[in-house]
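> Before anything else, here's the structure in question.
The values are calculated or read from the model by the stated rules, or taken from the named source; none is laboratory data. Keep in mind the model is a prediction, meaning the values are calculated, not measured. Cβ coordinates were reconstructed from backbone atoms using ideal geometry, including for glycine residues, and neighbour counts include every protein chain displayed.
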Amino acid sequence: METGKIEAMIAPSLEAMGYRVVRVAVTGGRRATLQIMAERSDEQAMTVEDCADISRTVSALLDVADPIAGAYTLEVSSPGIDRPLVKREDYARFAGFEAKIELNQPRDGRRRFRGKLLGVDGDEVRLLVDDAPVALPLNAVARAKLVLTDELLAASRGEPRH
């Protein structure tokens, strides 16, 4: 099952409700789980009621389209403060914060990088690692997420960045 198709199916409705889809994932096991990670478009914190609203909407959309064969569990969550970086826009939006990036294949002998996000340039994520800029191909990123720091916590509370 293609998570991109599910995201394309649900994103317009969620956007109309004031949400952005962060990530759609499916985990296996005896019963599949469809995980929808979303955030509010107005940058406010997600509430349990927000997740419930999204769950009801997504359930209705999936009941009509029926893109998943067999039984599954729907799980809706917010990305949290130390959120994953999934889309190209995430790297630009969170420039200035610390991130961990893991590549599919080693680059210069390493797969894991940690440093300050500098944004995106063309098809590369720019990161400041040990005071040296590093450019990593976006299409080689296996996983990326923000690192929980005092600066990130302050920004999540709406405090100005230094």
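> Return only the number of the condition from (1) more than 17 Å from the chain's Cα centre (by Cα); (2) surrounded by 15 or more Cβ atoms within 10 Å (Cβ to Cβ) that residue 20 does not satisfy.
All conditions are met except number (1).
> Do we find that residue 146 is modelled with pLDDT of 90 or more, in contact with a helix residue (DSSP H, G or I) (Cβ under 7 Å, 6 or more places away or on another chain) and not assigned by TED's automatic domain parsing to the domain that holds residue 23 in this structure?
Values: modelled with pLDDT of 90 or more: yes; in contact with a helix residue (DSSP H, G or I) (Cβ under 7 Å, 6 or more places away or on another chain): yes; not assigned by TED's automatic domain parsing to the domain that holds residue 23: yes.
Yes; evaluated as a whole, the condition is true for this residue.
Residue-wise test of (1) touching a Pro at 6+ places or on another chain (Cβ under 8 Å); (2) surrounded by fewer than 16 Cβ atoms within 10 Å (Cβ to Cβ); (3) of a type in the set (Lys, Arg).
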| site | (1), (2), (3) |
| --- | --- |
| 4 | no, yes, no |
| 29 | no, yes, no |
| 40 | no, yes, yes |
| 48 | no, yes, no |
| 54 | no, no, no |
| 64 | no, yes, no |
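> Select, from 154, 99, the only residue that is within 19 Å of residue 79 (Cβ to Cβ) and assigned to a helix (DSSP H, G or I). It would help to see each step written out before you state the result.
Working: 99 fails: assigned to a helix (DSSP H, G or I).
It is 154.
> Looking at segment 70-86 only, could you name the residues that are farther than 27 Å from residue 102 by Cα and in a loop (DSSP other than H, G, I, E, B)?
Within segment 70-86, the first condition is being farther than 27 Å from residue 102 by Cα, and the residues that meet it are 70-74.
Once the filter is applied, which keeps residues that are farther than 27 Å from residue 102 by Cα and in a loop (DSSP other than H, G, I, E, B), segment 70-86 yields 70, 71.
> Name the residue that is nearest to residue 4 (Cα to Cα), counting only residues in segment 14-46 that are β-branched (Val, Ile, Thr) and touching a residue at least 12 places away in the same chain (Cβ under 8 Å).
Within segment 14-46, the first condition is being β-branched (Val, Ile, Thr), and the residues that meet it are 21-22, 24, 26-27, 33, 36.
With touching a residue at least 12 places away in the same chain (Cβ under 8 Å) added as a condition, the list becomes 21-22, 24, 26, 33, 36.
Numbers: 21: 11, 22: 12, 24: 8, 26: 11, 33: 15, 36: 12 Å.
My answer is 24.
> For residue 78, are the conditions met, namely being modelled with pLDDT under 95, among the polar types (S, T, N, Q) and surrounded by 15 or more Cβ atoms within 10 Å (Cβ to Cβ)?
On the way: modelled with pLDDT under 95: yes; among the polar types (S, T, N, Q): yes; surrounded by 15 or more Cβ atoms within 10 Å (Cβ to Cβ): yes.
So residue 78 passes the test.
> If the requirement is being closer than 26 Å to residue 8 by Cβ, in contact with a Phe, Trp or Tyr (Cβ under 7 Å, 6 or more places away or on another chain) and buried (at least 18 other Cβ atoms within 10 Å of the Cβ), which of these qualifies: 117, 85, 127?
Result of the check over 117, 85, 127: 85.
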